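Read through the structure below, which is laid out as structure tokens, and then see the notes.
Every number in this text was worked out from the coordinates using simple rules, so none of it is lab data. Model, not experiment: these values are computed from the prediction. Every residue, glycine as well, gets a Cβ built from its backbone with ideal geometry; the counts of neighbours run over all protein chains shown.
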Amino acid sequence: MRRILLLSLLCTLASAQAQLIKSYGIGCMYTENPVYIMNDDNVIYQDCNSRKILHPDRTTFRQPRYNEIGVAMDKNGIYYQGILIPIDTTGFTVVGRNNNYSDYSWIWKNKDSVYIGTKVVKAADAKTFTHTGSLNGSYFKDKNSIYFFKDGLEKIEGSDGSSAISSYSVWIYDKNMVYVDGKPLLYKGEKVKPVNESLAKTSSAVINTSQKPVNGLDPSSLKGLSRHYAIDKNGVYWRGEKTPIKPAYFKDVKVWDQVNRAYVTDGLTVYSGAGMAEKDFDAKTFGMLPHSDFCYDKKGVYERKWDEPTQSVINIKFRFVYSSPVSTNNLFITDNNRYIVYMNQAYDPWDKKLYKDLSAGQVELLRQGKLELNEVHAHKTPIKRIDPMFYIQDNVLTTRSGGKIYQFPTIDAATFQSLNYTYVKDKKHVYCLFPELQKLPADAASASMMYGLLRDKENIYYNGKPILSSKGAALLATFPGYRPGCGMDNHPTSDYYFIHNEDGYYLIEVTHPKPSVHFLGRTFSEDWDPKFVGFELP
């Protein structure tokens, strides 16, 4: 009996010693998100529970900057989650996905066809196929039809895609019908016709998105004015609730219904929503800046803020120097909502900064989206956008992060190349940008990323320090390590990198403040860890 217990104990200890990879708080075998790992002789695709070894054309192999879907391309076609589909890459676009959060089904297209995963949607017109409001919505459309996406993509027979609205509502509609759960909506046996995103009607009733009757509205004269405003012969309504506007002033009704704000006026008073009178505004000159929640009248430009002393929402006038009545002739907002420009002044509502005495040339550059205003620039030359994160202005490499402007005058802007969000290089040096600029001892000419690790012709680096030789190195897989369980869990996040180089096999546990490097051996063994059982080598 003692011998059996001793052997059992030894087996238990051996098993515990063999488990080098310790994953906590996540159910994935590999990375949580899909990734293509670039090695010299191969590309390895992996996602939560799958891993594939690929041999694409390296000179043309590429992938989108934001690659949640798990696609890549080369001259031979498009790789969807590691599977090559030999098609033309022209017109590749991610269209959307369903709401199955445990197992997304993605919709994408090229110039010729629409796909769900690796399967072609034969009925769809690729050129005009798009979502109807959000990437993860239930409805999609092309020039001909509306499609409902749940388990698969189903064409709604009789629908008209050319008139289908873009909406985040629980229903969708075209010029003829309202659809719920992919089917024409009926109310008391009668087909329902659209009014707007809040209301629909039959010949005898008006209903809301909960398919409940809304009393007091006249179905025969009811028509939509915007997403949520509607009008009939008796009144003007917001989400089915009647506003104070009288029929005598219907001819003067104007509505603004965008982003998170909705206003209506009868030419005398501006109302927010259904009936909150906005006494700060001049009704005759009121308007909203496009694609924003900001509004204006002849007296100024405004935003809404919660006022703690009065426990109410109040309108705050932006601190321009107002020298002329505000109108669309002297006011605009930039396309990226970064700046509101009035006369020769620009206000940044996010950083709360006002820039005065701009020249006509600077105002025009702002209109074109070619100027950044901040405390460090001369504000005279147009910016040159390098990528979504970095730009050059006044011949200096610059980025904006967390509301702050970071300039890097020591980096050669002309030869700058972003390796990832932390590491960059120019023709001479490799740098770590944050938390402060640090020149690294890596070779700039050969520097590249090995997934999350920096490498050059000699070394692999972590936090700017060499940790392993890069001679003959290939990253064979990554495994998740520790994931914090709650907001009070201060244990650092970790991951494991399984690397082979000319010396043998290594397992690197990447964590803060420094990694742990484990040499496993010169010859691969499944006994190192249960995750290596059945592991495929290139």
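For the listed peptides 56-63, 30-37, 395-402, a ranking on the average number of other beta carbons within 10 Å per residue, highest first, reads 30-37, 395-402, 56-63. Computed over the Cα atoms of region 430-481, the ratio of the radius of gyration to the Kirkwood radius (Rg/Rh) comes to 0.98. Between the residues Trp106, Tyr139, Thr93, the greatest Cα displacement towards the positive end of the dipole of region 38-155, with unit charges on the Cβ of Lys, Arg, Asp and Glu, is found for Tyr139. For Leu440, the residues 5 or more places off, or on other chains, whose built amide H falls under 5 Å of its own are Val430, Tyr431, Cys432.
Report the calculated FRET efficiency for Asn144 and Phe92 (r = Cβ-Cβ distance, R0 = 25 Å), to the nearest 0.05. The value I calculate is 0.70. A helix-only calculation puts the chain at -1500 deg cm²/dmol for mean residue ellipticity at 222 nm, using -39500 (n - 2.57) for each DSSP H run of at least four residues, averaged over all residues.
The largest-to-smallest principal axis extents of the Cα set in the chain are 95, 64, 54 Å. The count of lysine pairs in region 250-358 with alpha-carbon distances below 21 Å, taking only pairs 8 or more places apart or on different chains, stands at 24.
Loop-located GluC sites (Glu not before Pro) in region 127-212 (DSSP state not H, G, I, E or B) with no more than 11 neighbouring Cβ atoms inside 10 Å: Glu157. Straightening the chain between Glu157 and Thr209 buys 16.5 nm, computed as 0.36 nm per residue apart minus the Cα-Cα spacing.
Approximating the spin labels as points 7 Å out from Cα along Cα→Cβ, the Thr59-to-Asn315 distance works out to 6.4 nm.
Roughly how large, in nm² to one decimal, is the mean projection of the convex hull of the alpha-carbon atoms in region 476-520? So the Cα hull casts an average projection of 3.4 nm². Assuming charge only on the beta carbon of Lys and Arg (+1) and of Asp and Glu (-1), the dipole of the chain about its Cα centre is about 1000 debye to the nearest 20. The H on the amide N of Gly273, modeled in the peptide plane, is under 5 Å from the matching H of Ala262, Tyr263, Val264, each at least 5 residues off or on a different chain. The 3J(HN,Hα) values that the Karplus relation (6.51, -1.76, 1.60; θ = phi - 60°) gives for region 123-138 are, in residue order, 7, 7, 8, 4, 4, 10, 6, 7, 7, 10, x, 8, 5, 10, x, 9 Hz. Gly and Pro appear as x.
Rounded to the nearest 20, the size of the Cβ-charge dipole of region 174-249 about its Cα centre is 80 debye, with Lys and Arg at +1 and Asp and Glu at -1. Sorting 75-88, 203-216 by their mean Cβ neighbour count within 10 Å, with the most densely packed peptide first, gives 75-88, 203-216.
Evaluating 6.51 cos²θ - 1.76 cosθ + 1.60 at θ = phi - 60° for every residue in region 330-340, the Karplus couplings come out as 10, 9, 7, 10, 5, 4, 8, 6, 6, 10, 9 Hz, glycine and proline recorded as x.
Highest mean first, how do 495-501, 326-332 rank when packing is the count of other Cβ atoms within 10 Å averaged over residues?
Details: 495-501: 21.4, 326-332: 13.9.
The densest-packed peptide leads the list: 495-501, 326-332.
Each residue of region 106-120 was assigned a 3J(HN,Hα) from its phi angle through the Karplus expression (A = 6.51, B = -1.76, C = 1.60, θ = phi - 60°), giving 9, 10, 8, 8, 10, 5, 10, 9, 10, 10, 10, x, 9, 9, 7 Hz with x at Gly and Pro. Dividing the convex hull volume of the alpha carbon atoms of region 136-220 by its residue count gives 93 Å³ per residue.
Can you classify region 264-307 as rounded, prolate or oblate using the Cα gyration tensor, where a ≥ b ≥ c are the square roots of its eigenvalues, rounded means a/c under 1.5, and otherwise it's prolate if a/b beats b/c and oblate if not? Kindly include the intermediate steps, with their values, before the conclusion.
On the way: a/c = 1.44, a/b = 1.15, b/c = 1.25.
Since a/c stays below 1.5, the shape of region 264-307 is classed as rounded.
Extension gain, Asp112 to Gln438, is 112.6 nm, computed as 0.36 nm per intervening residue step minus the present C-alpha separation. Spin-label model, Glu68 to Leu135: label points 7 Å out along the Cα-to-beta-carbon direction sit 0.4 nm apart. Taking amide H positions as modeled 1.01 Å from N, with prolines and chain starts lacking one, the residues under 5 Å from Leu289 and 5 or more places away or on another chain are Phe294, Cys295, Tyr296. Placing a label point 7 Å from the Cα of Gln407 along the Cα-to-Cβ direction, the residues of region 357-376 whose backbone N falls under 17 Å from that point are 371-376. Per residue, the convex hull spanned by the Cα atoms of region 391-538 measures out at 134 cubic angstrom.
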